[in-house]
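A.B. asks: After the structure tokens below, expect a handful of questions from me.
The values are calculated or read from the model by the stated rules, or taken from the named source; none is laboratory data. Everything quoted here is computed from the prediction, not taken from an experiment. Because the Cβ atoms are built from the backbone with ideal geometry, glycine has one as well, and the counts that use them run over all protein chains shown.
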């Protein structure tokens, strides 16, 4: 009796698109180009949260601890951020200092994840390196109340989100054509 092993698809591009597209939208807001609206909140819940969580579960199932941890953590980041924005009971709304610490802790986590990318391709290093800078700039913007720092963070965030988007598209297209069309 032969047992056929079915190869699973690469969940990475889904997780990267969830992260990248949501990061682009949020950082259009941080760069003061669009208001925070239901568009960003819905994208954060659905693609930023749910899609990354699904990708993370499949990465874990395939034994990829780094990608599984990243997608599950950042997927829950988006869900927690949406909860902060929409579910705070009166009197428990997030203040700038609390948000600064929240973002700084995510920056610390991301800095350690960046160390892990030193064994990965260049685009993954760029995504995690720019995300580390983004979190610390956003934290600094909240701690200081300096809107210019948040706008600069938004520009870094746009770069980060576009980098993740490029990585996702590159993986999909390169696999489809079975050659390196998008260098990663």
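A.B. asks: So if I check each of 116, 157, 161, which one is more than 16 Å from residue 27 (Cα to Cα), touching a helix residue (DSSP H, G or I) at 6+ places or on another chain (Cβ under 9 Å) and modelled with pLDDT of 95 or more?
C.D. replies: Within the list 116, 157, 161, the selection yields 116.
Residues are listed down the side, and each one gets a yes or a no for (1) modelled with pLDDT of 95 or more; (2) touching a helix residue (DSSP H, G or I) at 6+ places or on another chain (Cβ under 7 Å); (3) surrounded by fewer than 23 Cβ atoms within 10 Å (Cβ to Cβ):
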| position | (1), (2), (3) |
| --- | --- |
| 17 | yes, yes, yes |
| 22 | yes, yes, no |
| 33 | yes, no, yes |
| 36 | yes, yes, yes |
| 42 | yes, no, yes |
| 48 | yes, yes, no |
| 55 | yes, yes, no |
| 60 | yes, yes, yes |
| 63 | yes, no, yes |
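A.B. asks: May I pose another question? Out of 152, 115, 172, 126, report the one residue that is buried (at least 16 other Cβ atoms within 10 Å of the Cβ), part of a helix (DSSP H, G or I) and free of Cβ contacts under 8 Å to residues at least 24 places away in the same chain.
C.D. replies: It is 152.
A.B. asks: Further, regarding this structure: Run residue 68 past the list (1) closer than 19 Å to residue 15 by Cα; (2) in contact (Cβ under 8 Å) with a residue 12 or more places away in the chain; (3) surrounded by fewer than 19 Cβ atoms within 10 Å (Cβ to Cβ) and report the number of the one that doesn't hold.
C.D. replies: It is condition (3) that residue 68 fails.
A.B. asks: When you scan the range 65-73, do you find a residue that is assigned to a helix (DSSP H, G or I) and more than 15 Å from the chain's Cα centre (by Cα), even just one?
C.D. replies: Yes: one or more hits.
A.B. asks: I would also like to ask the following. List every residue pair whose Cβ atoms sit under 6 Å apart, with the two residues 6 or more apart in sequence or on different chains, where the first one lies in the range 36-56 and is at negative phi and touching a residue at least 40 places away in the same chain (Cβ under 8 Å) and the second, anywhere, is surrounded by 18 or more Cβ atoms within 10 Å (Cβ to Cβ) and not in a helix (DSSP H, G or I).
C.D. replies: That search, which allows pairs on different chains as well, returns 55/11.
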